[in-house]
1. Taking Ala45, is it in a helix (DSSP H, G or I), surrounded by 12 or more Cβ atoms within 10 Å (Cβ to Cβ) and not aromatic (Phe, Trp, Tyr)?
2. Looking only at residues that are over 18 Å from Leu33 (Cα atoms) and either not aliphatic (A, V, I, L, M) or not assigned by TED's automatic domain parsing to the domain that holds Leu33 (or both) in segment 72-81, which one is surrounded by the fewest Cβ atoms within 10 Å (Cβ to Cβ)?
3. For segment 82-91, which residues satisfy the criterion of being surrounded by 10 or more Cβ atoms within 10 Å (Cβ to Cβ) and free of Cβ contacts under 8 Å to residues at least 40 places away in the same chain?
4. For the condition touching a residue at least 12 places away in the same chain (Cβ under 8 Å) and not basic (Lys, Arg), what is the one hit in Leu28, Leu33, Leu108?
5. How many residues, within segment 77-103, are of a type in the set (Phe, Trp, Tyr) and within 12 Å of Ile18 (Cβ to Cβ)?
Amino acid sequence: MSPSERSADSLTFWFTDIQKVALINLVLGVLTLLEPTRNLVQQLAAAISANPAGRLWVIPLEIAVCVITALIPAFYLALFRSGVALHISVRYRTLALVGALSYGFYILDSLLSQRGLAADGVA
């Protein structure tokens, strides 16, 4: 086996191993949540300074946002640490494929409508 074939096989294995994919998603999930979470906390801090009487509802809201934000990375961490193989039935694979295709069409439609290229002519 040539070195290029070995590297292609290892790269394919890297993206088909569920634990390694979970690790990639964990790292990317944490990195993509940092900036929006920081912006939200800054906006809530500005809301407190503008309306000091609203402090009582902002603190539980900040705690709830932090907990909800931590759910997805916690899921990927648990999936990464689990040594069990993840088996998905064919029925659910078909459902996931339909969901991914419909989401792709939704994104395509939103991108085309932002560019003014929507099929219905409404931009």
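The values are calculated or read from the model by the stated rules, or taken from the named source; none is laboratory data. Since the model is a prediction, treat every value here as computed from it, not as a measurement. Because the Cβ atoms are built from the backbone with ideal geometry, glycine has one as well, and the counts that use them run over all protein chains shown.
1. yes
2. Arg81
3. Ile88
4. Going through Leu28, Leu33, Leu108 in turn, the sole match is Leu33.
5. Going through segment 77-103 one residue at a time, the tally reaches 1.
Here's the yes/no breakdown for (1) in a helix (DSSP H, G or I); (2) not hydroxyl-bearing (Ser, Thr, Tyr):
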residue: Arg55; (1), (2): yes, yes
residue: Ala74; (1), (2): yes, yes
residue: Phe80; (1), (2): yes, yes
residue: Ile88; (1), (2): no, yes
residue: Tyr103; (1), (2): yes, no
